[in-house]
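A.B. asks: Supplied in structure tokens, the structure appears directly below.
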Amino acid sequence: MTQTIQVSDTRIGLLHGHQARKGGTPEQRIEAWWKGQMMGKHPIGDADVLLSGHFHHFIAKEISAGRQWFQSPALDGGSEWFTNVQGVANSAGTLTLTVSDGRWGNLALL
């Protein structure tokens with residue numbers, strides 16, 4: 001349900017995001033889930049950059065020094081289901097970034 005890959009000395013963790021169920025906001029849910037992965041010594045717990053897609057809109061948060069979470073926007077052009085559940089609409093988009101030496105850069109939303 002997750003994937004961890006090594007790219008240019010940077011560990012990247014990939015997940016859909018539905019695994020993060022504890023907490024209130026998406027940020028709190030991802031942070032609690034990721035800490036659990038760290039404590040359980042799962043490979044994604046060692047990621048420098050965490051990428052998810054479940055929450056439909058762009059979020060960027062440094063969870064801890066050197067550990068960054070990016071929530072990618074959805075590509076669907078607006079989800080009626082998401083708007084009905086959350087009360088807000090999301091903009092469609094693609095998240096791109098570069099990584100090197102455990103760091104990220106050149107973030108763009110297209």
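Quick note: the coordinates plus some simple rules give every number you see, no bench work behind them. Please read these numbers as outputs of a predicted model, since none were measured by experiment. We place every Cβ from the backbone using ideal geometry, glycine too, and count neighbours over all the protein chains shown.
A.B. asks: How far, in degrees from 0 to 90, does helix 26-39 lean away from the longest principal axis of the Cα atoms of the chain, to the nearest 10?
C.D. replies: 30
A.B. asks: In square nanometres and to one decimal, what's the mean projected area of the convex hull around the Cα atoms of the chain?
C.D. replies: Details: hull surface 27.3 nm².
So the Cα hull casts an average projection of 6.8 nm².
A.B. asks: By average Cβ neighbour count within 10 Å, what is the ranking of 18-31, 50-63, 88-101 from highest down? Present the calculation step by step, with values, prior to reporting the outcome.
C.D. replies: On the way: 18-31: 15.1, 50-63: 17.8, 88-101: 13.4.
My ranking of the peptides, most packed first, is 50-63, 18-31, 88-101.
A.B. asks: How high is the FRET efficiency between M38 and A108 when r is their beta carbon distance and R₀ equals 41 Å, given to the nearest 0.05?
C.D. replies: Working: r = 29 Å, r/R0 = 0.70.
Step by step, r from the Cβ atoms, then E = 0.90.
A.B. asks: Using each residue's phi in region 55-65, evaluate 6.51 cos²θ - 1.76 cosθ + 1.60 at θ = phi - 60° and report the 3J(HN,Hα) Karplus result to the nearest Hz, with x for Gly and Pro.
C.D. replies: 8, 6, 10, 5, 9, 10, 8, 7, 7, 7, 3
A.B. asks: Could you check the simple spin-label distance between L97 and Q6, using points 7 Å along Cα→Cβ, in nm with one decimal?
C.D. replies: Spacing of the two 7 Å Cα→Cβ label points: 2.1 nm.
A.B. asks: Counting helices only, and only those DSSP H runs with n ≥ 4, report the 222 nm mean residue ellipticity of the chain as the sum of -39,500 (n - 2.57) divided by its residues, in deg cm²/dmol to the nearest 500. Intermediate results must be reported in sequence, preceding the final value.
C.D. replies: Values: 2 runs with 21 residues, N = 110.
Result for the chain, helices only: -5500 deg cm²/dmol.
A.B. asks: Just for the Cα atoms in region 66-109, what are the lengths along the principal axes, largest first, rounded to whole Å?
C.D. replies: Sorted largest first, the three principal extents are 41, 18, 10 Å.
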